[in-house]
Amino acid sequence: MANPLLKIEDLHAAVQGKEILRGIDLAVGAGEVHAIMGPNGSGKSTLAGVLAGRDSYAVTAGRVTYAGQDLLEMAPEDRASAGVFLAFQYPVEIPGVGNLYFLRAALNAQRRQRGEEELDAADFLQLAKKRMRLLEMDDTLTRRAVNEGFSGGEKKRNEIFQMAMLEPKLAILDETDSGLDIDALKIVAQGVNALRDAQRAMLVITHYQRLLNYIVPDYVHVLSAGRIVKSGGKELALELEEKGYGWLEPEAAAV
Amino acid sequence: MSAATLTAPPAPAVYTVPDAAYERAFAAIAARAGEPAVLRQLRRSAFAQLQQRGFPTSKHEEYRQTNLAAVLQRSAFALPERPGAATLREAERAAQPGAAFGGPQLTFVDGHFTPELSRLNSLPAGVRAGGLLSANDAGDDRLARLGELADIGGENTLAAFNTAFFGDGAWVEIAPGAQVDAQIEIVHLATGGAGVPTMAHPRQLILAGRGSRAKVVETYLSLNGAAHLTNAVTEIFVAENAELEHARLQQENTAACHISAVHSRQAADSRLRLHALTFGGALTRNDVVTVLNGPGAEALLNGLYVAEGRQHVDNHTVLDHAEPRGASREYYRGILDGQATTAFRGRILVRPDAQHTDAVQSDKNLLLSSDCTANADPQLEIRADDVRCTHGATFGQIDEEALFYLRSRGVGAEMARHLLIFAFAAEALGRLNPSPLRTRLETELFSRWTGLTPPEGAEASGG
């Protein structure tokens with residue numbers, strides 16, 4: 001890959017002095033879907049957080065280049081404007097702020113930052129309605145406060161709805177499947193698949209293979225103890241489903 | 001054992017007796033011609049009580065956080081006459097834009113009822129309203145109700161202070177069964193004095209008849225930046241199955257001292273929504289005492305206080321569950337910045353007869369600086385055994401995870417922070433029924449923090 005959209009080189013990151021990421025190397029090209037799998041505590045969510053700019057993580061070594069820019073130097077809001085989107089594992093409830101208002105404020109902040117014209121209320125609403133149909137979202141969710149009182153499934157659906165509205169270049173889905181029943185999982189996956197195109201890259205982080213039946217990745221990477229210990233095609237996910245993560249441990253130790 | 005240990009130390013002064021300036025001021029009121037005998041008697045006994053007891057100091061258990069005696073004794077306050085033409089013109093400008101929404105309005109300047117600035121000519125069906133002392137209706141029965149709730153015979157010397165000195169009051173009576181959509185406005189304007197601070201003692205009597213539904217808003221404003229004292233008392237009677245929403249909006253200047261007491265009594269199956277919204281004042285002390293005096297009564301106490309600089313806000317509430325199956329919801333929310341200090345004391349009393357009471361209390365504070373101080377003191381006194389009663393208080397900064405969430409969507413750091421402050425306030429405003437007042441406050445607060453005009457749908461109700 002000559003110029004990948006995202007290039008991670010020897011990335012190390014720590015939380016409260018404890019090293020969680022211990023040398024990640026990964027290149028993601030436009031249009032590609034990469035799955036990151038791994039057992040609990042392997043550093044999956046830390047990787048997602050570092051890429052989105054969560055400041056509770058300290059990057060101790062390595063570099064991340066996104067669309068030719070030093071991603072780690074950018075503020076979270078600037079990453080968003082540049083096209084990075086993180087679907088949260090635990091979406092935050094913000095009582096007092098309307099769900100649609102928030103989304104419009106975010107979208108227009110990004111457009112301003114990129115020197116594009118802001119979307120007026122009517123155009124925005126039209127777009128929102130179209131995207132909501134994609135996620136089979138209940139109309140009332142838009143009139144409520146951001147994620148307030150949403151069920152687990154509604155929150156995840158709202159994340160993908162936001163993604164559909166913001167149209168990122170790099171979407172990072174952090175355990176989007178956790179807490180979803182099979183019907184909700186299908187709807188969410190359908191929404192994600194509708195957003196797959198040749199320009200958009202996706203990093204799908206998951207503990208279970210189940211999600212990858214519906215969002216079929218181009219590449220699968222296994223994260224263990226802060227390093228990628230194995231990479232392969234989509235069949236690697238099936239192998240993991242069958243054998244679990246245990247068989248990779250010796251390889252991890254050998255690295 | 002020495003004699004010295006047998007002698008108790010002198011009791012700390014819980015009250016200080018008002019000085020001679022108040023006596024002179026009261027003499028002028030007592031000499032006022034034309035007041036009904038029942039009121040003269042009421043005033044005399046109130047002032048006698050004030051002289052006997054005095055103003056509460058911070059040694060008084062209920063005033064530990066707020067030494068009112070220090071303020072009230074610091075200087076004599078002038079009791080202004082009825083407003084002159086110049087003041088009226090000034091007041092007219094202030095009374096117009098924000099405070100009025102086109103419905104019925106009673107306007108007071110320094111506690112004097114000002115018909116020129118009031119709008120009472122087209123009262124909705126079932127509403128009677130006017131100056132407590134100046135309305136033309138035979139008013140003896142309404143004067144007889146004054147003080148019935150505000151306990152002028154007891155320890156509450158601030159209510160006595162009000163009763164002795166009030167100019168006129170607002171009287172609002174909703175007929176049984178009347179369904180009133182218009183918001184009834186009571187606006188109090190304070191002129192502030194050149195040199196000597198002025199005082200006003202606003203008084204309200206609100207009677208909601210059986211099965212009626214209505215909305216009353218009290219707004220307190222200053223005409224300029226000069227220091228003044230407001231000592232307001234509101235008494236509210238809610239009859240069986242009536243529904244009343246009452247909002248109290250304090251937007252006085254930051255030199256003012258604002259003292260208020262809202263006393264209410266609810267009959268069976270009535271619903272009362274009380275909102276205490278405090279934005280202004282150097283020193284504010286609000287008391288709310290509501291008695292659920294009939295089975296199945298419901299009360300909402302919704303407080304929002306925003307304090308910055310050196311502002312001090314003290315909210316004391318008492319929810320008195322006297323009868324069975326009552327439900328109360330009490331939510332107080334504070335936003336503090338600068339060196340602001342606030343106190344919240346919420347007492348829930350469940351009397352032995354009040355079985356199946358369902359009471360929830362919460363006080364949450366958002367601290368925006370490291371120099372501000374918030375206090376919370378929940379007090380539950382439960383004497384019935386089959387009740388549900390919960391309480392909680394929190395003090396916190398802006399939620400970092402929420403901040404990151406907003407930023408990760410592209411909202412700039414500063415805007416994200418301001419949006420979260422607004423959101424904290426909007427949750428409280430969301431407890432007001434939709435009304436012009438709620439819309440206005442949402443707009444004002446959104447602009448206050450974000451510097452922007454809010455588009456449609458910026459807020460979402462907090463339930």
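The values are calculated or read from the model by the stated rules, or taken from the named source; none is laboratory data. Predicted model only: the values in this text are computed from it and were never measured. Cβ placement follows ideal geometry from the backbone for every residue including glycine, while neighbour counts extend to all protein chains displayed.
Restricting to the stretch B:378-428, name every residue that is more than 18 Å from residue B:360 (Cβ to Cβ) and of a type in the set (Asp, Glu). Matches in the stretch B:378-428: B:385, B:399, B:400, B:401, B:414.
Of all the numbered requirements in (1) more than 14 Å from chain A (Cβ to nearest Cβ); (2) in contact with a helix residue (DSSP H, G or I) (Cβ under 9 Å, 6 or more places away or on another chain), residue B:360 misses one, and that requirement is (2).
Does residue A:144 qualify as being farther than 18 Å from residue B:411 by Cβ, within 11 Å of chain B (Cβ to nearest Cβ) and without any contact (Cβ under 8 Å) to a residue 60 or more places away in the chain? Break it down stepwise before answering.
Numbers: farther than 18 Å from residue B:411 by Cβ: yes; within 11 Å of chain B (Cβ to nearest Cβ): yes; without any contact (Cβ under 8 Å) to a residue 60 or more places away in the chain: yes.
For residue A:144, the condition - farther than 18 Å from residue B:411 by Cβ, within 11 Å of chain B (Cβ to nearest Cβ) and without any contact (Cβ under 8 Å) to a residue 60 or more places away in the chain - is met.
Filtered by the rule that a residue be polar (S, T, N, Q) and either at pLDDT 90 or above or closer than 17 Å to residue A:141 by Cα (or both), the stretch B:421-438 gives a lone residue, B:433.
Residues in the stretch B:198-233 that are of a type in the set (Val, Ile, Thr) and out of contact with any helix residue (DSSP H, G or I) (no Cβ under 9 Å at 6 or more places or on another chain) were compared, and the one that is nearest to residue B:29 (Cα to Cα) is B:198. Of the strands (runs of 3 or more DSSP E) lying entirely inside the stretch B:197-262, those containing at least 3 residues that are among the aliphatic types (A, V, I, L, M) and either touching a residue at least 12 places away in the same chain (Cβ under 8 Å) or assigned by TED's automatic domain parsing to the domain that holds residue B:170 (or both) are B:203-208, B:213-222, B:228-238, B:243-251. If you go through the stretch B:49-67 and pick out every residue that is part of a helix (DSSP H, G or I) and either in contact with an Asp or Glu (Cβ under 9 Å, 6 or more places away or on another chain) or charged (D, E, K, R) (or both), you end up with 5.
Scanning the stretch A:1-56 for residues that are among the charged types (D, E, K, R) and touching a strand residue (DSSP E or B) at 6+ places or on another chain (Cβ under 8 Å) yields A:7, A:9, A:10, A:19, A:22, A:25, A:32, A:44.
Of the residues B:327, B:297, B:307, only one is closer than 28 Å to residue B:422 by Cα, out of contact with any helix residue (DSSP H, G or I) (no Cβ under 6 Å at 6 or more places or on another chain) and in the same structural domain as residue B:190 (by TED's automatic domain parsing); which?
Residue meeting the stated conditions: B:307.
Restrict the check to the stretch A:69-88 and report whether at least one residue is of a type in the set (Asp, Glu), out of contact with any strand residue (DSSP E or B) (no Cβ under 8 Å at 6 or more places or on another chain) and crowded, with 17+ Cβ neighbours inside 10 Å. Yes: the stretch A:69-88 contains one or more residues that are of a type in the set (Asp, Glu), out of contact with any strand residue (DSSP E or B) (no Cβ under 8 Å at 6 or more places or on another chain) and crowded, with 17+ Cβ neighbours inside 10 Å.
Residue-by-condition table, conditions (1) more than 8 Å from every other protein chain (Cβ to nearest Cβ); (2) farther than 30 Å from residue A:242 by Cα:
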{"position": "A:5", "(1), (2)": "yes, yes"}
{"position": "A:9", "(1), (2)": "yes, yes"}
{"position": "A:18", "(1), (2)": "yes, yes"}
{"position": "A:32", "(1), (2)": "yes, no"}
{"position": "A:35", "(1), (2)": "yes, no"}
{"position": "A:45", "(1), (2)": "yes, no"}
{"position": "A:57", "(1), (2)": "yes, yes"}
{"position": "A:63", "(1), (2)": "yes, yes"}
{"position": "A:101", "(1), (2)": "no, yes"}
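When B:170, B:144, B:125 are checked against the criterion of being surrounded by fewer than 24 Cβ atoms within 10 Å (Cβ to Cβ), more than 21 Å from residue B:30 (Cβ to Cβ) and not polar (S, T, N, Q), B:125 stands alone in meeting it. Among the residues of the stretch B:365-380, is there at least one that is more than 24 Å from residue B:302 (Cα to Cα), in a loop (DSSP other than H, G, I, E, B) and not assigned by TED's automatic domain parsing to the domain that holds residue B:219? Checking the stretch B:365-380: not a single residue is more than 24 Å from residue B:302 (Cα to Cα), in a loop (DSSP other than H, G, I, E, B) and not assigned by TED's automatic domain parsing to the domain that holds residue B:219. Residue count for the stretch B:406-425 under the criterion of being in contact (Cβ under 8 Å) with a residue 24 or more places away in the chain and not in a helix (DSSP H, G or I): the result is 0.
Within the stretch A:111-132, the only residue that satisfies the criterion of being of a type in the set (Asp, Glu) and part of a helix (DSSP H, G or I) is A:123. Of all residues in the stretch B:426-442, those that are within 11 Å of another protein chain (Cβ to nearest Cβ), in a helix (DSSP H, G or I) and not aliphatic (A, V, I, L, M) total 2. Among the criteria (1) in contact (Cβ under 8 Å) with a residue 12 or more places away in the chain; (2) within 13 Å of chain A (Cβ to nearest Cβ), the one residue B:388 does not fulfil is (2).
Restricting attention to the stretch A:89-98 and to residues that are at the interface with chain B (Cβ under 7 Å from one of its Cβ atoms) and under 21 Å from the mean Cα position of the chain (by Cα), the residue that is surrounded by the most Cβ atoms within 10 Å (Cβ to Cβ) turns out to be A:94.
Counting only strands (runs of 3 or more DSSP E) wholly contained in the stretch A:1-108, the ones carrying 1 or more residues that are touching a Ser or Thr at 6+ places or on another chain (Cβ under 9 Å) occupy A:6-15, A:18-28, A:33-37, A:84-87, A:94-98. Would you check if there is a residue in the stretch B:244-254 being among the acidic types (Asp, Glu) and more than 25 Å from residue B:63 (Cα to Cα)? Yes, because at least one residue in the stretch B:244-254 is among the acidic types (Asp, Glu) and more than 25 Å from residue B:63 (Cα to Cα). For the stretch B:228-250, filtered to residues that are polar (S, T, N, Q) and touching a Ser or Thr at 6+ places or on another chain (Cβ under 7 Å), the residue that is surrounded by the fewest Cβ atoms within 10 Å (Cβ to Cβ) is B:241.
In the stretch B:65-87, what residues are in contact (Cβ under 8 Å) with a residue 60 or more places away in the chain and surrounded by 16 or more Cβ atoms within 10 Å (Cβ to Cβ)? B:65, B:66, B:68, B:71, B:72, B:76, B:77, B:78, B:79, B:80, B:83, B:87, listed by residue number.
I'd like the residue in the stretch B:155-191 that is within 20 Å of the chain's Cα centre (by Cα) and in a loop (DSSP other than H, G, I, E, B) and, out of all such residues, is modelled with the highest pLDDT.
Top of the filtered list is B:166.
Inclusion of residue A:121 among residues that are within 10 Å of chain B (Cβ to nearest Cβ) and more than 19 Å from the chain's Cα centre (by Cα) is warranted. In the stretch A:151-186, of all residues being within 12 Å of chain B (Cβ to nearest Cβ) and in a loop (DSSP other than H, G, I, E, B), the one that is farthest from residue A:119 (Cα to Cα) corresponds to A:168.
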